[in-house]
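Report on one structure; see the data block that follows.
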């Protein structure tokens, strides 16, 4: 792919987003109650037009939004991302009725979405889902017009925005023993009979919870995409959002780097400024190098997605892996260079230190990303080996 650079309009837009996040979103985030959906914050994202943009933008645009918001207000970034993750399957695979009912409400911030894939025994191994979609006994399993009906029975766990979301994109097993090929995606409103949830006490400013499905009724009208093809819905959504998780991480890394530049330039130590110590200057240079490298890989993966490249799963996995691991290292080093003050409650780095850990786990842990990368590399190698042009 060609060397990547942003257009002047994109750079200006990112600056505007940073300013909006600092001036209008961060005050709302600071008023939010940890562990609960911050609906005023989501509503403001809607008023600013950022939620509607989730459904009209490409992957690169999504990355620029997430990076810019993360730099100034991680809570706003996460609120935006969760709306997109939960509602994108409706946008991409929903029926006209589903889209007409839910997407305007997601866009204006009056409906909260959630993506319900993980289970107590199937987190990183998404193909091992056990939430059952059992057909209702005949003649109840189909209506007079032939609409199929199921009952969802089982659990979901580690679900962001649960149990406070207004609807869930839920992945359930419709064909036992079929692995990834027997999963169906359903749009399940939160008020559906038999659906209950509980909050989990997590290191997170937004709610993360467990959902219990006690024979929750769903029908063909609730299916997103095709029956038994829900794994494609999940993976297609993650291919789009994984690079943007990397963008979230890059935004945090840049904020930590900028804070470190300012601190080391003014902090007196050993007869001079911290910046004058070669060991400090070299560490700062390394942080900048790694942050820019991660940013470029995120942008390249997003551009590949927008251009319909064939190697999107590999690029998306590489972008998420490098960016999230880099951000962890950058924030940790920034804390070290700041010293004890960085661990005081309310300090930017104390906040980032808590926020930066989770992205290495959700939407596929780092180990899963390495597995995807290796799988795609061997797949490419097998294709090349079978090509008659190889070696000529």
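Details
- Residues of the stretch 1-47 that are surrounded by fewer than 20 Cβ atoms within 10 Å (Cβ to Cβ) and either in contact with a strand residue (DSSP E or B) (Cβ under 9 Å, 6 or more places away or on another chain) or not in a helix (DSSP H, G or I) (or both): 1, 2, 3, 4, 5, 6, 7, 32, 33, 34, 35, 36.
- The single condition among (1) in a helix (DSSP H, G or I); (2) touching a strand residue (DSSP E or B) at 6+ places or on another chain (Cβ under 9 Å); (3) over 30 Å from residue 257 (Cα atoms); (4) modelled with pLDDT of 95 or more that residue 84 does not satisfy is (3).
- Conditions (1) surrounded by fewer than 23 Cβ atoms within 10 Å (Cβ to Cβ); (2) at pLDDT 95 or above; (3) touching a helix residue (DSSP H, G or I) at 6+ places or on another chain (Cβ under 8 Å); number of the one not met by residue 164: (3)
- Selection of the stretch 48-71 for residues being farther than 24 Å from residue 303 by Cα and in a helix (DSSP H, G or I) yields an empty set.
- The strands (runs of 3 or more DSSP E) found wholly in the stretch 159-234 and carrying at least 3 residues that are within 17 Å of residue 102 (Cβ to Cβ) occupy 167-173, 183-189.
- Residue among 363, 376, 380, 385 that alone is over 30 Å from residue 334 (Cβ atoms) and modelled with pLDDT under 90: 385
- From the list 337, 287, 277, the one residue that fits, being surrounded by 14 or more Cβ atoms within 10 Å (Cβ to Cβ), under 24 Å from the mean Cα position of the chain (by Cα) and over 28 Å from residue 55 (Cα atoms), is 287.
- Filtered residues of the stretch 304-317 (kept if within 23 Å of residue 360 (Cα to Cα) and either in contact with a helix residue (DSSP H, G or I) (Cβ under 6 Å, 6 or more places away or on another chain) or exposed (fewer than 14 other Cβ atoms within 10 Å of the Cβ) (or both)): 304, 305, 312, 313, 314, 315, 316, 317
Conditions (1) over 22 Å from residue 76 (Cβ atoms); (2) modelled with pLDDT of 90 or more; (3) touching a strand residue (DSSP E or B) at 6+ places or on another chain (Cβ under 9 Å), marked per residue:
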| residue | (1), (2), (3) |
| --- | --- |
| 239 | yes, no, no |
| 244 | no, yes, no |
| 248 | no, yes, no |
| 264 | yes, yes, yes |
| 269 | yes, no, no |
| 273 | yes, yes, no |
| 279 | yes, yes, no |
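The values are calculated or read from the model by the stated rules, or taken from the named source; none is laboratory data. What you see is a predicted model, and the numbers here were worked out from it, not measured in a lab. Note: ideal-geometry Cβ built from the backbone for every residue, glycine included; neighbour counts use all protein chains shown.
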